[in-house]
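The values are calculated or read from the model by the stated rules, or taken from the named source; none is laboratory data. No experiment lies behind these values; they were computed from the predicted model shown. No Cβ is skipped: glycine too gets one built from the backbone with ideal geometry, and neighbour counts run over all protein chains shown.
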């Protein structure tokens with residue numbers, strides 16, 4: 001690795017739920033010499049309240065590949081706890097996150113926020129009749145891991161820092177433009193300028209039941225992802241169908257009820273937010289840092305990261321359908337099941353081509369006939385669960401945005417909750 005000491009420009013981001021305006025500046029990134037895989041990051045935090053608790057988040061940026069990188073193996077000031085305004089240092093074990101990583105032009109960007117730790121926890125246990133759902137924050141994954149409590153009666157979201165990535169897939173990626181008559185994976189630079197929270201897991205059946213009071217899924221299991229839920233059921237068919245004209249939702253939709261009881265801007269992710277969160281700094285077909293070994297039902301690398309058509313057999317000649325969320329490897333930002341299990345609704349209208357020009361916070365087309373879906377699924381129907389259809393870049397859509405369940409043609413479509421910064 002060829003890392004030079006670089007003084008970084010200040011990164012100023014509006015705080016989420018903050019009482020004090022905060023910023024981070026004077027960031028200096030220095031590799032250890034002799035090189036041992038670690039980088040020291042010195043930074044200074046400023047706040048209009050000198051006693052403020054400030055959370056800081058580091059994002060690596062590889063100028064060679066033009067992509068942001070997830071930062072996970074960190075220690076020191078701000079690693080798993082807030083810091084006060086002043087000068088601090090954290091250390092990033094780069095090779096622990098990215099073995100063999102090499103770059104000739106590499107920097108680190110810092111983001112400062114107040115108002116919450118990396119994990120937001122929404123307590124849904126009060127159910128449909130609750131006047132509100134309490135919100136709390138965690139600085140790290142609980143010592144016992146994400147138990148069933150966090151997959152059923154509590155909703156866990158992870159804060160995703162701003163960054164830049166290459167959306168789509170290069171022409172030499174195995175599976176590139178899979179089903180190209182319907183979808184293209186135009187390779188282009190995208191910048192996400194605002195932090196956002198996104199579900200660590202796909203929304204589960206119990207969580208849906210607690211908010212909506214019904215159980216639409218065909219294949220039952222409290223900690224399994226909810227399915228047979230339409231875009232309009234999630235956002236509503238009046239206000240909720242108007243994205244991107246505005247971000248309003250119908251009061252009786254899933255997002256409408258969740259917003260009213262938490263008073264935060266919950267929604268589906270945009271297509272760009274979804275892929276950015278899925279990749280977590282990777283540029284490979286899968287967010288494990290690996291590419292496919294095959295495009296069909298025989299791909300060992302895909303079998304590591306999600307439930308797809310190649311690992312659903314129950315050993316009795318049948319299929320076990322989707323599975324409990326969090327059953328496969330997480331990505332660098334601690335998100336599960338971005339590849340497979342159930343396909344996930346996104347906010348955007350579907351268009352075949354996104355183009356190759358650089359974009360900033362894209363909201364998708366202004367109109368259309370279908371809504372976007374991402375993530376692949378477990379199902380062998382129409383190759384939707386093949387490895388090629390579960391890649392980070394794969395795009396699909398549905399014209400069933402307004403169907404009423406039960407409908408056995410929609411049994412592999414679910415979603416992941418996002419919490420957007422206020423606009």
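Summary table below
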item	result
Unique residue being surrounded by fewer than 21 Cβ atoms within 10 Å (Cβ to Cβ), assigned by TED's automatic domain parsing to the domain that holds residue 31 and modelled with pLDDT of 90 or more when the list is 93, 129	93
When residues of the stretch 236-254 are limited to those that are within 25 Å of residue 195 (Cα to Cα) and touching a residue at least 24 places away in the same chain (Cβ under 8 Å), the one surrounded by the fewest Cβ atoms within 10 Å (Cβ to Cβ)	245
Test: residue in the stretch 149-165 that is within 24 Å of residue 301 (Cα to Cα) and assigned to a loop (DSSP other than H, G, I, E, B)	no
Top-ranked residue in the stretch 132-147 [being surrounded by 15 or more Cβ atoms within 10 Å (Cβ to Cβ) and modelled with pLDDT of 95 or more; ranked as farthest from residue 417 (Cα to Cα)]	146
Selection count where residues are part of a loop (DSSP other than H, G, I, E, B) and surrounded by 15 or more Cβ atoms within 10 Å (Cβ to Cβ), scope the stretch 105-125	6
Residue satisfying all of: in the stretch 59-90; in a strand (DSSP E or B) and at pLDDT below 80; nearest to residue 137 (Cα to Cα) among these	68
From the options 56, 39, residue that is within 23 Å of the chain's Cα centre (by Cα), closer than 27 Å to residue 289 by Cα, at pLDDT 85 or above and not in a loop (DSSP other than H, G, I, E, B)	56
Test: residue in the stretch 154-168 that is modelled with pLDDT of 90 or more and more than 20 Å from the chain's Cα centre (by Cα)	no
Count of the stretch 192-235 residues which are surrounded by fewer than 17 Cβ atoms within 10 Å (Cβ to Cβ), within 24 Å of residue 360 (Cβ to Cβ) and either at pLDDT 95 or above or assigned by TED's automatic domain parsing to the domain that holds residue 61 (or both)	0
Yes/no for residue 292 being modelled with pLDDT of 95 or more, part of a loop (DSSP other than H, G, I, E, B) and either under 19 Å from residue 380 (Cα atoms) or in contact with a helix residue (DSSP H, G or I) (Cβ under 9 Å, 6 or more places away or on another chain) (or both)	yes
Selection status of residue 28, in contact (Cβ under 8 Å) with a residue 24 or more places away in the chain and either in the same structural domain as residue 155 (by TED's automatic domain parsing) or at negative phi (or both)	no
Subset of the stretch 304-323 [surrounded by fewer than 19 Cβ atoms within 10 Å (Cβ to Cβ) and at pLDDT 95 or above]	304
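For every residue, the table says whether it meets (1) touching a strand residue (DSSP E or B) at 6+ places or on another chain (Cβ under 6 Å); (2) within 24 Å of residue 180 (Cα to Cα); (3) assigned to a loop (DSSP other than H, G, I, E, B); (4) at pLDDT 95 or above.
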residue: 272; (1), (2), (3), (4): yes, yes, no, yes
residue: 276; (1), (2), (3), (4): yes, yes, no, yes
residue: 283; (1), (2), (3), (4): yes, yes, yes, no
residue: 298; (1), (2), (3), (4): no, yes, yes, no
residue: 351; (1), (2), (3), (4): yes, yes, yes, no
residue: 356; (1), (2), (3), (4): yes, yes, yes, yes
